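Student: Have a look at this one before I ask anything.
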Amino acid sequence: MPVDTIMWEGGIDGKIKLIDQTLLPGEFKYIYCEDLPCIWQAIRELKVRGAPAIGIAAAMAVVVGIRNTNTGSLNGFFKKLKEVTSYIRTSRPTAVNLFWALERMERVAEEIVGARCNVPVQGIKERLLREAITIYEEDKDICRRIGKNGAALLKNNCRVLTHCNAGGLATADYGTALGVIFAAKEQDKKVRVYVDETRPLLQGSRLTAWELVQAGIETTLICDNMAASVMKEGKIDCVIVGADRIAANGDAANKIGTYGVSILAKEHGIPFYVAAPISTFDLRIPSGNEIPIEQRNAKEVTEPFGCRIAPEEGLNVYNPAFDVTPAKYIEAIITEKGVILHPDKEKIRLLLEKK
Ligand code: MRU
């Protein structure tokens with residue numbers, strides 16, 4: 001069941017409307033961002049999260065960041081654009097979709113100026129708004145194509161394990177990993193899903209379980225440390241997760257804990273699938289070793305959701321938000337352009353070059 005995660009309301013003077021995901025599942029509430037610090041913080045604090053949704057938010061952030069630039073000069077405008085995109089780049093480091101969207105917005109602005117002389121600054125602003133909305137609209141279509149391509153891999157009555165949230169809440173509205181499950185259901189296949197709760201911020205229990213239950217899919221919530229025995233008990237037929245950045249060789253960064261799940265899947269002979277759009281590939285990075293991993297506040301671990309669960313003092317905390325699954329553990333990467341079985345550098349290059 002699609003969910004309207006993030007959207008633009010109005011014209012160039014409009015606002016970004018997004019679900020505050022930190023409140024889910026207790027409260028379903030839209031918030032509005034009309035300036036740059038507001039959307040920067042929404043990304044930083046995971047009010048909007050998940051790689052494709054972060055990309056959409058970043059594109060819309062460019063619009064709120066540049067629309068009040070008073071300068072009539074192109075030089076002044078481009079200086080401001082650079083300042084705005086540099087600032088948005090500091091919000092979160094791992095999901096490459098954020099950087100991809102910013103580069104796309106910068107390219108569009110440069111292209112219109114390159115193509116015509118005397119472009120009014122207002123015209124560039126309007127064009128950037130249209131591009132941000134296009135990125136959002138495209139994501140809807142991309143997720144449905146990922147869903148359709150991935151659903152072909154799921155048998156009727158299969159039992160899927162997923163980690164974190166790669167659903168509608170992580171995209172414009174439909175999801176990547178969950179998109180595969182939704183598409184299989186739309187094809188009248190019965191799919192049951194085991195959801196890792198996903199410590200420390202519980203995107204699995206708070207967001208994925210919420211989405212799946214609303215969609216009428218049989219869902220079983222497990223703590224992260226139960227995945228091994230659930231697999232050993234023969235309850236899982238495949239794993240499907242999303243990704244935040246996929247290196248040229250197929251190594252894929254996703255929410256912390258995904259790497260462990262991939263090793264467990266390998267040990268138990270269970271196929272491990274990654275579902276992600278082409279915008280999640282970063283061919284500039286040869287392997288997962290070069291993927292920047294976000295380090296987050298210790299309080300997420302010691303004081304989740306305001307409840308202290310560790311000693312106040314004398315404690316070190318390590319809180320990386322992502323880990324990298326080596327390509328050798330990935331059975332296939334499911335994209336909108338097709339499925340890459342046993343991904344490697346050459347297969348990825350060929351698929352990405354495909355028109
Ligand atoms: O820290 P988050 O909640 O932004 O992490 C999200 C994930 O790891 C998702 O699995 C990933 O972005 C894929 S979303 C389709």
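Student: To the nearest 0.05, what FRET efficiency results for Ile133 and Gln214 with a Förster distance of 30 Å applied to their C-beta separation?
Tutor: The pair Ile133/Gln214 has a calculated efficiency of 0.70.
Student: Still on this structure, I have one more. If you take the charge dipole of the stretch 1-125 about its Cα centre, with +1 on Lys and Arg Cβ and -1 on Asp and Glu Cβ, which of Phe77, Ser91, Pro25 is farthest toward its positive end?
Tutor: Checked the options; the winner is Phe77.
Student: Here is a further query. In percent, what relative contact order does the chain have, based on Cα pairs under 8 Å that are 6 or more apart in sequence?
Tutor: Result for the chain is 16 percent.
Student: Can I ask one more? What's the FRET efficiency of Ile278 with Glu111 using the Cβ-Cβ distance as r and R₀ = 30 Å, to the nearest 0.05?
Tutor: 0.90
Student: Assigning unit charges at the beta carbon (Lys, Arg +1; Asp, Glu -1) and nothing else, what dipole magnitude in debye, to the nearest 20, does the chain show about its Cα centre?
Tutor: Details: 46 positive and 45 negative charges, 127 e Å.
My answer is approximately 600 debye.
Student: Can you tell me how much longer the chain between Asp141 and Asp13 gets when fully stretched, taken as 0.36 nm per residue apart minus their C-alpha distance, in nm with one decimal?
Tutor: 43.4 nm
Student: Go through 10-21, 266-277 and give me the packing order, highest mean Cβ count within 10 Å leading.
Tutor: Going by the mean number of other Cβ atoms within 10 Å, highest first, we get 266-277, 10-21.
Student: Among bridges DSSP assigns within the chain, what percent are antiparallel (round to 5)?
Tutor: Numbers: 20 of 40 bridges.
Roughly 50 percent of the beta bridges in the chain run antiparallel, per DSSP.
Student: Anything in the chain that counts as a DSSP H helix reaching 27 Å or more along its axis (C-alpha) with Kyte-Doolittle mean of at least -0.5? List them, would you?
Tutor: What comes out of the filter, once short or polar helices are dropped, is 96-115.
Student: Neighbour counts of other C-beta atoms within 10 Å: give me Lys140, Lys354 arranged from fewest to most.
Tutor: Lys354, Lys140
Student: Residue farthest toward the positive end of the dipole of the chain, with Cβ of Lys/Arg at +1 and Asp/Glu at -1: which of Ala215, Ala298, Gly257?
Tutor: Result: Ala215, furthest along the dipole toward the positive end.
Student: Let me ask something else about it. Which links in Lys232/Lys345; Lys185/Lys355; Lys29/Lys82; Lys190/Lys328; Lys29/Lys185; Lys232/Lys328 stretch past 25 Å when you go from one Cα to the other?
Tutor: Lys232/Lys345; Lys185/Lys355; Lys29/Lys82; Lys190/Lys328; Lys29/Lys185
Student: With +1 on each Lys and Arg Cβ and -1 on each Asp and Glu Cβ, how big is the dipole of the stretch 130-268 about its Cα centre, in debye rounded to the nearest 20?
Tutor: 340 debye
Student: Please list, short to long, the whole-number percent of alpha-carbon pairs of the chain in consecutive 20 angstrom bins beginning at zero.
Tutor: All Cα pairs, binned at 20 Å, distribute as 31, 57, 12, 0 percent.
Student: Rounded to the nearest 20 debye, what is the charge dipole size of the stretch 156-233 about its Cα centre when +1 sits on each Lys and Arg Cβ and -1 on each Asp and Glu Cβ?
Tutor: Here the size comes out at about 160 debye.
Student: For Met226 and Arg349 in the same chain, what is the full-extension length gain: residue separation times 0.36 nm, less their Cα-Cα distance, in nm?
Tutor: 40.6 nm
Student: Another question, then. With springs only between Cα atoms under 10 Å apart, run a GNM on the chain and tell me which of Arg130, Arg284, Arg296 wobbles the most.
Tutor: Arg284
Student: Under the definition of Cα pairs under 8 Å and six or more residues apart, what whole-number percent is the relative contact order of the stretch 213-327?
Tutor: Values: 162 pairs, mean separation 36.5, N = 115.
Value for the stretch 213-327: 32 percent.
Student: A further question on this structure: Please compute the length gained on full extension between Glu103 and Lys235, using 0.36 nm multiplied by the number of residues separating them and subtracting their Cα-Cα distance.
Tutor: Result for the pair: 43.2 nm of gain on full extension.
Student: Using a Förster distance of 35 Å, how high is the FRET efficiency between Glu313 and Thr90, based on the Cβ-Cβ distance and rounded to 0.05?
Tutor: 0.70
Read the figures in this text as sums done on the coordinates, not as results from a lab. Bear in mind that the values here come from a model prediction, so they are computed numbers and not experimental data. Quick reminder, even Gly has a Cβ in these numbers, built from the backbone with ideal geometry, and neighbours come from all protein chains shown.
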